[in-house]
Amino acid sequence: MSTVEGADPPVLEARGIVKRFGHVEALRGADFAVHRGEVVALIGDNGAGKSTLIKVLSGAQPHDEGEILIGGRPERFSSPVDARRAGVETVYQDLAVADDLSVAANLYLGREIMLGGLGGLLGLLDKRAMRRGAAEALEQLGVRIPRVTTPIAMLSGGQRQSVAVARAVIWATSVVILDEPTAALGVVQTQRVLEVVDRARDAGMSVVLVSHNMPQVLEIADRVEVMRLGRRTARFRAADATTDDLVAAMTGALVTEPEDADLR
Amino acid sequence: MPMRRPPRSDRPDTAATGIEPALGTRDRLHARLQEHLASAVSEFTAATALVVLVIALSFASPNFLTADNLFNIGSQTAVIAIIAVAQTMVIITKGIDLSVGSVAALAGVVGAIVVRDLGFSVWEATVVAIAVGAAAGLANGLLVAGARLPPFIATLGMMSAGRGLVFIITGAVGVYSLPESFQLLGNGQIAGIPFAIVITAIVAVSAAFMLSQSRFGQYVYAMGSNMEAARRSGIAVRRNLTAVYVLAGALVGLGGMVAASRVNSGQPNYGIGLELDVIAAAVIGGASLFGGQGRIAGTLIGAFLIAVVRNGSVLLGINIHYQQVIVGLIIWAAVYFDQYRRRRLEARG
Ligand SMILES: Nc1ncnc2c1ncn2[C@@H]1O[C@H](COP(=O)(O)OP(=O)(O)OP(=O)(O)O)[C@@H](O)[C@H]1O
Ligand SMILES: [Mg+2]
């Protein structure tokens with residue numbers, strides 16, 4: 001983990017991403033990289049382009065220019081399915097849960113367990129297996145909700161967020177992307193989500209965390225990447241950075257792009 | 001076990017250390033009650049209204065609670081119920097189908113024509129009518145899911161185009177001189193039960209089963225609940241949404257055929273205003289115009305409620321125009337409760 005040549009390529013990398021919405025240029029050549037087993041915080045002021053970059057990284061939104069690399073190989077994500085197939089799971093800022101569906105149905109949405117035999121051929125769901133799987137998985141992640149058959153609409157904001165985080169962590173095999181996953185959470189719930197992040201890292205996954213909470217960022221992340229006006233403007237090792245550094249970078253007072261090697 | 005779970009960490013769990021108490025049985029029971037109430041409250045209200053109405057009408061008119069009259073109501077309800085089932089599926093996706101009346105007329109007229117002019121059997125004609133409905137549904141689906149027109153606009157266009165086609169095909173004259181057998185679907189019986197009721201039952205049970213037990217049904221609710229979430233979850237939204245409209249169209253075609261069969265003719269004017277009745281039936285039964293909610297059982301109750309109001313009005317000699325007013329009041333009440341329910345839910349969230 002010392003020289004650039006010896007290091008593995010990033011598990012997920014974005015190079016020179018440009019994304020326009022009509023006349024608005026949300027991303028103007030944004031770079032980003034996360035390595036295996038690393039927790040990278042992505043920070044920046046409101047409107048810096050963090051969520052847009054994340055939607056591009058997760059295949060939810062096509063980009064106009066630039067490239068995405070998985071394990072060093074260029075990939076074209078034309079839909080979230082492609083990203084998921086590559087082991088990348090995302091908790092979006094707007095959560096993207098189906099409110100009228102139960103917790104279990106949301107956890108398995110798009111990846112339903114089907115009945116075996118004739119029922120499966122008829123496209124029938126194995127609801128019981130999904131309820132059981134959902135309950136077990138939530139239990140292990142320490143997510144507490146009344147019942148897995150409860151529609152998401154009936155959960156508290158924090159519970160909804162916890163379910164969305166759980167869904168990503170359960171299915172991810174290489175990268176979990178979390179866009180402000182603790183924004184609506186109380187102290188205890190926030191701690192829970194951060195524990196889940198730790199567990200994901202312990203299990204060998206990489207985590208990308210968008211957050212506006214600087215102490216939290218410095219506590220949990222290995223590295224910090226800072227975005228400003230649709231570009232990456234600074235990178236830090238969390239251990240070497242202070243809240244002041246991060247704020248300075250976000251406001252544009254500090255620009256620093258050290259070599260990869262100095263960050264690992 | 002298809003879900004891969006992260007390994008247990010040796011870090012103490014916050015719940016285990018007692019920072020936050022686990023949910024008690026009472027909370028659990030409460031949550032359970034709440035979720036059942038939410039989904040069943042409008043069905044329950046509508047069913048209660050239906051029962052009260054039936055009891056009142058039994059006292060008010062001696063002719064109401066007779067087997068003949070009940071079968072009559074059943075057959076009258078059949079067409080509305082079949083098409084309301086179709087409408088319910090569309091409404092669950094946060095859509096609406098205004099073209100059901102025109103498409104039903106088109107299917108009925110075409111079904112009658114192929115029997116009269118091409119000598120098709122009533123069964124073959126039924127298949128043709130279903131295909132006509134499915135084709136119209138496909139057009140609706142492509143406009144909504146492909147061209148991304150709002151469902152209201154897409155189906156408004158089909159409402160007009162479909163009706164125009166009906167008049168072009170028939171020259172604005174009804175299709176008559178059909179064989180007796182054409183009446184099978186609408187007026188025939190099987191083991192003493194009106195055929196129309198049997199068809200309705202089959203349609204309703206299959207649709208209810210499909211919506212609640214199949215993956216496709218799950219996607220119908222998911223798309224109506226949050227289209228973007230469905231898309232990001234890897235659901236092929238365009239294909240599935242189109243399929244909903246095709247399926248709905250096919251049912252509308254079947255309903256149109258039953259309707260034509262009931263009057264033993266293809267009527268170019270059939271089904272004007274039908275969309276109002278079926279939307280009312282769905283909404284009274286708890287389908288939400290905001291998408292994501294609705295059940296076939298509720299829709300059936302809604303369809304019967306409307307049919308009983310109509311039938312009761314006839315028996316009691318109430319002017320037909322008052323029926324319209326009464327149905328209007330019921331629609332207002334139903335949608336008001338739907339919104340009220342939603343607002344309360346959102347206020348909680
Ligand atoms: N769908 C869209 N259409 C038009 N403009 C958009 C769209 N999505 C994002 N933008 C614009 O792109 C820019 C970046 O938005 P983005 O949501 O990525 O910011 P962010 O860094 O996530 O901010 P926040 O911290 O507030 O979540 C903003 O100027 C925003 O207005
Ligand atoms: Mg954002």
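The values are calculated or read from the model by the stated rules, or taken from the named source; none is laboratory data. Being a predicted model, the structure only gives us computed values, none of them experimental. In this analysis, Cβ positions are derived from the backbone assuming ideal geometry, glycine residues included, and neighbour counts consider all displayed protein chains. The protein model used for the area step is the full one, side chains on, heavy atoms only, and it has no ligands, DNA or RNA in it. Shrake-Rupley method; radii C 1.70, N 1.55, O 1.52, S 1.80 Å.
Would you calculate, for chain B, the mean residue ellipticity at 222 nm contributed by helices, counting each DSSP H stretch of 4 or more residues as -39,500 (n - 2.57) and dividing by all residues, to the nearest 500?
Values: 13 runs with 247 residues, N = 349.
Computed mean residue ellipticity for chain B: -24000 deg cm²/dmol.
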**Asked** Using DSSP loop states and a limit of at most 13 other Cβ atoms within 10 Å to flag trypsin sites (Lys or Arg not before Pro), what is the longest stretch of chain B containing no flagged site?
**Response** B:149-349
**Message:** For chain B, take the longest principal axis of its alpha carbons; what is the angle in degrees between that and the long axis of helix B:237-262, to the nearest 10 within 0 to 90?
**Reply:** 30
**Request:** Report the one residue of A:Val148, A:Ala238, A:Gly44 whose Cα lies farthest in the direction of the positive end of the charge dipole of the stretch A:12-251 (charges on C-beta: Lys and Arg +1, Asp and Glu -1; origin at the Cα centre).
**Result:** A:Val148
**Request:** Name the residues of the stretch A:157-175, by number, that are at least 30 Å² less accessible with every protein chain in place than in the isolated chain; the surface is that of heavy atoms, probe 1.4 Å, without ligands or nucleic acids.
**Result:** A:Ile170, A:Trp171
**Message:** So, R0 is 56 Å and r is the distance between the beta-carbons of B:Ile55 and A:Asp64; what FRET efficiency does that work out to, to 0.05?
**Reply:** 0.25
**Complete:** Quick calc: nm separation of the 7 Å Cα→Cβ label points for B:Phe290 and B:Leu70 -> 3.8
**Prompt:** Which one of B:Pro268, B:Pro62, B:Pro150 has the biggest mean-square fluctuation once chain B is modelled by GNM with Cα springs under 10 Å?
**Reply:** B:Pro62
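Across peptide B:292-301, how many C-beta atoms of other chains are within 10 Å of each residue C-beta, on average?
Working: counts 6, 4, 1, 0, 0, 0, 0, 0, 0, 0.
Per residue, the number of nearby Cβ atoms from other chains is 1 on average.
Test of understanding: what is the full-extension gain from A:Arg36 to A:Gln93, defined as 0.36 nm times their sequence separation minus their Cα-Cα distance?
Values: separation 57, 0.36 × 57 = 20.52 nm, distance 2.34 nm.
Between A:Arg36 and A:Gln93, full extension yields an extra 18.2 nm.
Could you please state how large a percent of the accessible area of the protein assembly as shown is carbon and sulfur, counting protein chains only and using a 1.4 Å probe? Present the calculation step by step, with values, prior to reporting the outcome.
Numbers: 15780 of 26510 Å².
Carbon and sulfur together cover 60 percent of it.
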**Request:** Estimate for me the total accessible surface buried between chains A and B (protein heavy atoms, probe 1.4 Å, no ligands or nucleic acids), in Å² to the nearest 100.
**Result:** 4600
**Request:** Please report the base-10 log of the normalised intensity I(q)/I(0) for the stretch B:9-348, using a Debye sum with one equal scatterer per alpha carbon and no solvent, at each q in 0.09, 0.10, 0.11, 0.14 (1/Å).
**Result:** -0.51, -0.62, -0.73, -1.12
**Prompt:** Between B:Leu118 and B:Tyr340, what is the label-to-label distance in nm when each label sits 7 Å out along the Cα-to-Cβ direction?
**Reply:** 5.1
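Per residue, how much accessible area does the stretch A:12-251 have with a 1.4 Å probe, in Å²? Working shown, then result.
Numbers: 8720 Å² over 240 residues.
Per-residue accessible area for the stretch A:12-251 comes out at 36 Å².
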**Asked** Given A:Met205, B:Val90, B:Val52, which one lies farthest toward the positive end of the charge dipole of the protein assembly as shown, if we put +1 on the Cβ of every Lys and Arg and -1 on the Cβ of every Asp and Glu?
**Response** B:Val52
**Request:** Among the lysines, select those whose C-alpha is under 17 Å from the C-alpha of A:Lys19, and discard any that sit fewer than 8 residues away in the same chain.
**Result:** A:Lys50, A:Lys55
**Request:** From other protein chains only, count the Cβ atoms within 10 Å of every residue's Cβ in A:78-84, then give the mean.
**Result:** 3
**Item:** Shielded residues, the stretch B:215-258 - accessible-area loss of 20 Å² or more between chain alone and all protein chains, probe 1.4 Å
**Value:** B:Arg215, B:Gln218, B:Tyr219, B:Ala222, B:Ser225, B:Asn226, B:Ala229, B:Arg231, B:Arg232, B:Ser233, B:Gly234
**Fill in**
Placing +1 on each Lys and Arg Cβ and -1 on each Asp and Glu Cβ in the protein assembly as shown, then taking the dipole about the Cα centre, the residue among B:Val103, A:Ile70, B:Ala154 whose Cα reaches farthest towards the positive end is B:Val103
**Asked** Where is the GNM fluctuation largest for chain A (alpha-carbon springs, 10 angstrom cutoff): A:Pro146, A:Pro62, A:Pro74?
**Response** A:Pro146
**Prompt:** How far apart, in nm, are the 7 Å Cα→Cβ label points at A:Asn46 and B:Ala172?
**Reply:** 6.1
